[in-house]
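So the structure is just underneath, and the comments pick up after that.
The values are calculated or read from the model by the stated rules, or taken from the named source; none is laboratory data. The shown structure was predicted, so the numbers you read here are calculated from the model rather than taken from an experiment. Methodologically, a virtual Cβ is constructed for each residue, glycine included, from the backbone with ideal geometry; neighbour enumeration extends over all protein chains shown. Side chains included, ligands, DNA and RNA excluded: accessible areas come from the protein's heavy atoms. Shrake-Rupley method; radii C 1.70, N 1.55, O 1.52, S 1.80 Å.
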Amino acid sequence: MKKIAIIEDEPAIRENYIEMLSAQGYQVSGFENRASAEAEFKNALPDLAIVDIGLGHEIDGGFLLCQTLRSLSKTLPIIFLTARDSEIDTVCGLRMGADDYLTKDISLAHLAARIGALFRRMEALEQPADANALITRGQLTLDTQRMQVFWQQQLVDLTVTEFWMLHSLAQRPGHVKSRNDLMSDAKIYVDDSTITSHVKRIRKKFIALDSTFDCIDTVYGMGYRWEQH
């Protein structure tokens with residue numbers, strides 16, 4: 001049974017999500033503030049964390065919690081679920097390593113579907129490596145079964161959403177992928193600016209390993225493509 005942690009300071013909202021996800025067969029724990037959640041996570045991590053940004057007196061408590069979670073695990077799925085829908089907040093959340101950013105007007109059915117999609121992608125990490133699952137593009141290697149990426153034989157720490165966006169680009173070098181294509185292939189439903197933020201994060205992670213990295217081209221007005229040099 002997958003374990004989900006919900007960090008939400010409004011009791012009624014928290015209990016509503018707990019009831020819905022428990023009915024879906026998940027083991028759900030609720031936390032009203034960052035301190036109580038962090039105390040629990042130091043002992044054991046959940047399989048997924050759903051985090052509000054404003055937590056009690058901490059206006060950006062969810063962002064701080066996300067940073068703590070990423071320091072504990074590079075791959076733990078994190079979803080921001082918040083009433084704050086500004087582009088700045090969305091970009092900040094994704095830059096901190098969240099896999100998804102949702103607003104609270106999302107339906108419970110849609111939320112459940114997004115959670116299920118995240119878990120299906122994460123389960124691929126538990127499968128043994130398979131040579132047939134490897135995609136090689138020059139200095140890039142993608143393991144589609146374990147969802148791992150290597151550049152110049154160095155592991156690139158991508159979130160599951162970033163992995164599938166990169167996979168979409170690398171499958172067909174030189175072929176332009178629109179933002180809608182990337183959104184569809186990564187199974188996320190966000191606006192164009194959020195896709196742009198994801199691509200910037202992917203580039204930044206490659207450049208951290210190789211300052212000369214320039215394989216992801218922006219095709220203005222159209223989208224992005226992988227250029228194999």
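What percent does the relative contact order of segment 1-91 come to when contacts are Cα pairs within less than 8 Å and at least six residues apart?
Answer for segment 1-91 is 29 percent.
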### Query
Which stretch or stretches of segment 194-218 have amide N atoms under 16 Å from the point lying 7 Å from Asp157's Cα along the Cα→Cβ direction?
201-210
#### Entry: Translational diffusion coefficient (Stokes-Einstein; Kirkwood radius from C-alpha pairs) of segment 37-86 at 4 °C, 1.567 mPa s, in µm²/s
115 µm²/s
### Message
Can you return the aspartates and glutamates within cross-link range of Lys3? Criterion is Cα-Cα under 14 Å, with same-chain partners fewer than 8 residues away left out.
### Response
Glu19, Glu40, Asp47, Glu123
### Query
In whole Hz, what ³J(HN,Hα) sequence does segment 20-36 give by Karplus (6.51, -1.76, 1.60; θ = phi - 60°), x for Gly and Pro?
5, 6, 5, 5, 7, x, 8, 8, 10, 10, x, 9, 8, 8, 5, 4, 5
## Note on the structure
Going residue by residue through segment 159-176, the Karplus relation 6.51 cos²θ - 1.76 cosθ + 1.60 with θ = phi - 60° gives ³J(HN,Hα) values, rounded to whole Hz and with x marking Gly or Pro, of 6, 5, 5, 4, 4, 6, 5, 5, 4, 4, 6, 6, 4, 10, x, x, 8, 6
### Message
Please compute one quarter of the surface area of the Cα convex hull for segment 179-229 and express it in square nanometres.
### Response
3.8 nm²
## Note on the structure
For Lys177, counting only lysines whose alpha-carbon sits under 23 Å away and dropping same-chain residues fewer than eight positions off, the answer is Lys187, Lys200, Lys204, Lys205
### Query
Over the alpha carbons of segment 101-229, what is the largest minus smallest coordinate on each principal axis, giving the biggest first in Å?
44, 40, 24
### Message
How large a share of the accessible area of the chain, in percent, is made up of carbon and sulfur atoms when the probe is 1.4 Å and the other protein chains stay in place?
### Response
48 percent
### Query
How do 18-26, 160-168 rank on mean C-beta neighbours within 10 Å, highest first?
160-168, 18-26
### Message
If I model a spin label at Leu45 and Val176 as a point 7 Å from the Cα along the Cα→Cβ vector, what separation in nanometres do I get?
### Response
3.9 nm
### Query
Which of Thr218, Thr90, Thr82 moves most in a GNM of the chain, Cα contacts under 10 Å?
Thr218
### Accessible area per residue in Å² at 1.4 Å probe, computed on the chain
48 Å²
#### Entry: Charge dipole (debye, nearest 20) of segment 47-195; +1 at Cβ of Lys and Arg, -1 at Cβ of Asp and Glu
420 debye
#### Entry: Net dipole in debye of segment 162-219 [+1 Lys, Arg Cβ; -1 Asp, Glu Cβ; about Cα centre; nearest 20]
120 debye
### Task
Please express the Cα-Cα pair-distance distribution P(r) of segment 1-147 as a list of whole percents, one per 10 Å bin, running from 0 to the bin with the greatest distance.
11, 40, 33, 13, 4, 0
### Message
If the only charges are +1 at each Lys and Arg Cβ and -1 at each Asp and Glu Cβ, what is the size of the charge dipole of segment 1-57 around the Cα centre, to the nearest 20 debye?
### Response
260 debye
### Projected label distance in nm at Gln27 and Glu123, using a 7 Å step from Cα toward the beta-carbon
1.8 nm
### Message
I'd like to know which of Gln171, Leu118, Gly93 lies farthest towards the positive end of the charge dipole of the chain, counting +1 on Cβ of Lys and Arg and -1 on Cβ of Asp and Glu.
### Response
Gln171
### Task
Mind pulling the per residue volume of the convex hull built on the Cα atoms of segment 37-124? Å³ is fine.
98 Å³
### Query
What residues have an amide H closer than 5 Å to that of Gly138, excluding those fewer than 5 places away on the same chain, when H is modeled at 1.01 Å from N in the peptide plane?
none
### Convex hull of Cα atoms in segment 1-60, direction-averaged projection (nm²)
3.8 nm²
### Query
In terms of modelled amide H atoms, which long-range or inter-chain residues lie less than 5 Å from the amide H of Leu158?
Val149
